[in-house]
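Participant: Pasting a structure below so you can have a look.
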Amino acid sequence: MSTKITYTRQGDYYLPDLKLPEQEPREIGIWGQRRRRYLKEHHKILYYNLLTQCKLIDHLADINEEAQNMYDRLVKQLAEQEGVTEKLKGEDPLEWVAKMNNINSRASEIVFAEIIYTV
């Protein structure tokens, strides 16, 4: 296997012309972005290993999908447990909003603790 490496001059140095392989575009989403920020700030070695192995986008997209599924499932389960229904929404919208905001916050914290902030 023969590979030809080309170089470009940058000032006094010759740097290799490196190109990453083409990757299928995948949606990262909000959970994937939060995971990327966490890895970049707190687990730099893992972040750069995934990046240089061209696995970062796939990892973030998988985390995003897993986290979104867990979040949706938790919101539904917590709403059922606490009796937050469409009937309550029609009768007392302010109470429904307050309870749903509380449920959304708790579900987000669980997703952060179990998926986003784990290595």
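The values are calculated or read from the model by the stated rules, or taken from the named source; none is laboratory data. Just so it is clear, the model here is predicted, and its values are computed rather than measured. Note that we place each Cβ from the backbone using ideal geometry, even for glycine, and neighbour counts take in every protein chain shown.
Participant: List every residue pair whose Cβ atoms lie under 6 Å apart, where the two residues are 6 or more positions apart in sequence or sit on different chains, the first residue falls within the range 77-98 and is among the basic types (Lys, Arg), and the second residue, located anywhere, is modelled with pLDDT of 95 or more and surrounded by 10 or more Cβ atoms within 10 Å (Cβ to Cβ).
Facilitator: LYS89/TRP96
Participant: Scan the range 1-21 for residues that are loosely packed, with under 10 Cβ neighbours inside 10 Å and either within 16 Å of ALA61 (Cβ to Cβ) or of a type in the set (A, V, I, L, M) (or both) and report the count.
Facilitator: Final tally of qualifying residues: 4.
Participant: Something else now. Working only within the range 81-119, note down all residues that are over 17 Å from GLU65 (Cα atoms) and of a type in the set (A, V, I, L, M).
Facilitator: VAL84, LEU88, LEU94, VAL97, ALA98, MET100, ILE103
Participant: A further question follows. Can you tell me which residues in the range 29-51 are among the hydroxyl-bearing types (Ser, Thr, Tyr) and surrounded by fewer than 14 Cβ atoms within 10 Å (Cβ to Cβ)?
Facilitator: TYR48
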